[in-house]
Amino acid sequence: MYITQTINPQTFRSMNLTVDEDGFLMDQTQWSSEVAQQIATLAGVGHLSELHWQVIDLVRGRYFSLGVVPSMRDLCRELGARKFVVKNQFGSCRNMWQIAGLPHPGEEMLAYME
């Protein structure tokens, strides 16, 4: 099942989150596991499983230590999972990025996420 629901930035603002015009978190201090779960629910992902949290932790760790998110190939290799399994967990890279609370990835990267 691929989830493609995009969340309206106004919905984030109603949660008292500071987001940009595309719905990406601007203030990293606002992110928490509870916020991640709320975003996942709004995006149609549902309850965040252990695999979700492994992906989130890996992506956040890599982003905040190196400034980049691992490629899907590296992500799957590190988790010991097949590509479609990880993608099915979030439905889209955009959902994963928003749930992980990462800032706007840039216009070019955002085009690949759609």
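Computed quantities for the displayed model
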| read-out | value |
| --- | --- |
| Any hit, region 88-96, residues being within 19 Å of LEU17 (Cα to Cα), among the hydrophobic types (A, V, I, L, M, F, W, C) and under 13 Å from the mean Cα position of the chain (by Cα) | yes |
| Test: VAL55 is closer than 23 Å to LEU17 by Cα, modelled with pLDDT under 85 and buried (at least 17 other Cβ atoms within 10 Å of the Cβ) | no |
| Candidate set from region 59-114 (those that are β-branched (Val, Ile, Thr) and in a loop (DSSP other than H, G, I, E, B)); member that is nearest to GLU34 (Cα to Cα) | VAL69 |
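The values are calculated or read from the model by the stated rules, or taken from the named source; none is laboratory data. Worth saying up front: this structure is predicted, and the values here are computed from it rather than measured. Heads up, the Cβs are rebuilt from the backbone with ideal geometry, glycines too, and the neighbour counts pull from every protein chain shown.
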